[in-house]
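Colleague: Below you will find the structure I want to go over with you.
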Amino acid sequence: MSHSAAPSAPSGALSRRQITGVMTGLMLGMFLASLDQTIVSTAIYTVANDLDGLSLQAWATTAYLITSTVSTPLYGKLSDIFGRRPLYIAAIAIFLGGSVFAGSVHSMGELAVARGIQGLGAGGLMALALAIIGDIVPLSERSKYQGYFMSVFGVSSVLGPVIGGAFAGADQILWITGWRWVFYVNVPVGIAALATVFLFLHLPVRHTRQRIDYLGAAAITIGLVPLLLVAEQGRGWGWGSASSIACYAIGAAGLALFVWFEKRAGDYALIPLRLFKSAQFSLSAVLNFIIGVGMFGAIAMLPMYLQLVKGLTPTEAGLLMITFTVGIMSASIIAGRTISKTGTFKIFPMIGTLLLTGASVTMGLVLTVDSPLWVPGVVAVFFGMGLGCCMQPLVLAMQTSVPPQDMGVGTSTAAFFRSMGGAVGTAVFISMLFSLAADKITSAMKDAVTQADFVRTMRDPAVLADPTNKPLFDLFKGSAGGLGSDNLNDTSWLKNANAVLTHPIRDGFSQAVDGVMLTAAALVFVAFLITLALPNAKLRDPKAALEEPAAA
């Protein structure tokens, strides 16, 4: 019996009250990271205008995506060597430092650096939180707790646009420019997370003597940075430009070097390639990537439709997205409790990918410029349910397919692939949206000028004299030779311009969203086909498996 007690000590050392305290700190940390992905998106135009750098605003997004994605596997590996607690505390501290810096910047260049620092911290917040739960909670309870994490993600995805829009719309709050609170709001939450972790998270001290895979870390950075850059900037550069081709070549060379270095490093590798010998691990990694693309595609496209097409404010769009939160929370909790009781997980990614496919097809075929608001509200519910059925079971599948000593690597690899998918999905879908929108709007405008009601409104002296319609008439002049995506960089005037005249523009955006979502539907359906190849096995806790022979 003495032999069997040793492996379980880490989890047995914490009472339910202590686990609840740890969960509070971890959920606050995850809330920081997930909120930051959405709160900035609704405020970035205001921030960029105030800093006189609208054309540079994409670099702030790119810097965050690059550092958070690249640092995720590093946190996983280092936490397996040095322990989760010090790495998690460091991640919160780095994120807080970046947040304070971001709130005090005076140029877009400074903001890009600050967002990069935030990303360095954010890379550890999600992955390490799930790894810590894997350390202290047995599999029979783990899916239930991880379901709460998915709920935090859903809540933050709704609160982000609401809070970001409210801060960006305020001139000053407590004598500080409103948009700066988008970053300063992280400070009290981060301090609370730090305090909770210090008080409750007491894991056994770990310091495993291992080499650190510096070459692998350098290679994956060289591989990912150019690819994320071209995904974010390719629309402006041109996908076949010299800059884009250089990024493709450097990225491919970096990834090839990474695989070579990982083979040589063996067990010391940043992401040990032996883990991919497990079909459950490798297929779940691919699915996490595709789900990441679909997840951030939905999170980006639905608010875009609500604001650009339906004319809602960021706050109103965020409130309507509450239905998304309802979907992801309910599905995460149901999936978590079912997996806890049965150990069966395969059915949930299958159901989830089908729900995501159906929601994407519905949005692509049913949603139009004139659709009532309840339609995107219902679509958001099914998007949330699909994600809730996929995200947590796939993390559990990867955690339970690796040995206990690789828990951090397994968990961070899941977060890494999902983060990569999110970065690619956000950049490519947004680029695709505006590329399609330019053609669709040009076509819709040409059709509109043949309609008597439209022409009569366009010639109305009151409409011509209204200054809020000036950007609209400038766009009409530009559409004669065909629009480019650069003509659509600022669409803030759409809400106040004449509704009859803006209808073809909003219709063009709606058709562009349809095209993006049908593309997403095809991609997510491929994910469904991949789920069919997942092993039809019950999840088993590797720690429990180690204890069984000793107990016998």
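Colleague: Please enumerate the residues belonging to segment 230-244 that are touching a Ser or Thr at 6+ places or on another chain (Cβ under 6 Å) and not β-branched (V, I, T).
Modeller: Within segment 230-244, E232, G234, R235, W237 qualify.
Colleague: Return a yes/no flag: does segment 201-213 have any residue that is more than 30 Å from G377 (Cβ to Cβ), modelled with pLDDT of 85 or more, surrounded by 16 or more Cβ atoms within 10 Å (Cβ to Cβ) and not hydrophobic (A, V, I, L, M, F, W, C).
Modeller: no
Colleague: Something else about it: On the basis of being under 25 Å from Q511 (Cβ atoms), in a helix (DSSP H, G or I) and not assigned by TED's automatic domain parsing to the domain that holds L312, does F454 make the cut?
Modeller: On the way: under 25 Å from Q511 (Cβ atoms): yes; in a helix (DSSP H, G or I): yes; not assigned by TED's automatic domain parsing to the domain that holds L312: yes.
Yes, satisfied.
Colleague: Right, another one. Pick out the one residue from A102, A112, A127 that is crowded, with 24+ Cβ neighbours inside 10 Å, of a type outside the set (K, R) and within 19 Å of the chain's Cα centre (by Cα).
Modeller: From the options A102, A112, A127, the qualifying one is A127.
Colleague: Condition first: farther than 20 Å from A415 by Cα and modelled with pLDDT of 85 or more. Can you find one or more residues in segment 263-275 that meet it?
Modeller: The answer is yes, given that some residue of segment 263-275 is farther than 20 Å from A415 by Cα and modelled with pLDDT of 85 or more.
Colleague: Give segment 15-32 a look and list any residue that's closer than 20 Å to I92 by Cβ and modelled with pLDDT under 80, or say none.
Modeller: Step one: of segment 15-32, the residues closer than 20 Å to I92 by Cβ are 18-32.
Across segment 15-32, the qualifying residues are Q18, I19, T20, G21.
Colleague: Give me the helices (runs of 4 or more DSSP H) completely within segment 74-186, filtered to those with at least 2 residues that are within 25 Å of L302 (Cβ to Cβ), ordered by residue number.
Modeller: In segment 74-186, 108-136, 139-169, 181-184 are the helices (runs of 4 or more DSSP H) which contain 2 or more residues that are within 25 Å of L302 (Cβ to Cβ).
Colleague: Looking at this structure, is A380 among the aliphatic types (A, V, I, L, M) and either more than 21 Å from I39 (Cα to Cα) or at pLDDT 90 or above (or both)? Please lay out each step first, then the result.
Modeller: Values: among the aliphatic types (A, V, I, L, M): yes; either more than 21 Å from I39 (Cα to Cα) or at pLDDT 90 or above (or both): no.
Criteria not met by A380.
The values are calculated or read from the model by the stated rules, or taken from the named source; none is laboratory data. Small disclaimer: the values here were computed from a predicted structure and weren't measured. We place every Cβ from the backbone using ideal geometry, glycine too, and count neighbours over all the protein chains shown.
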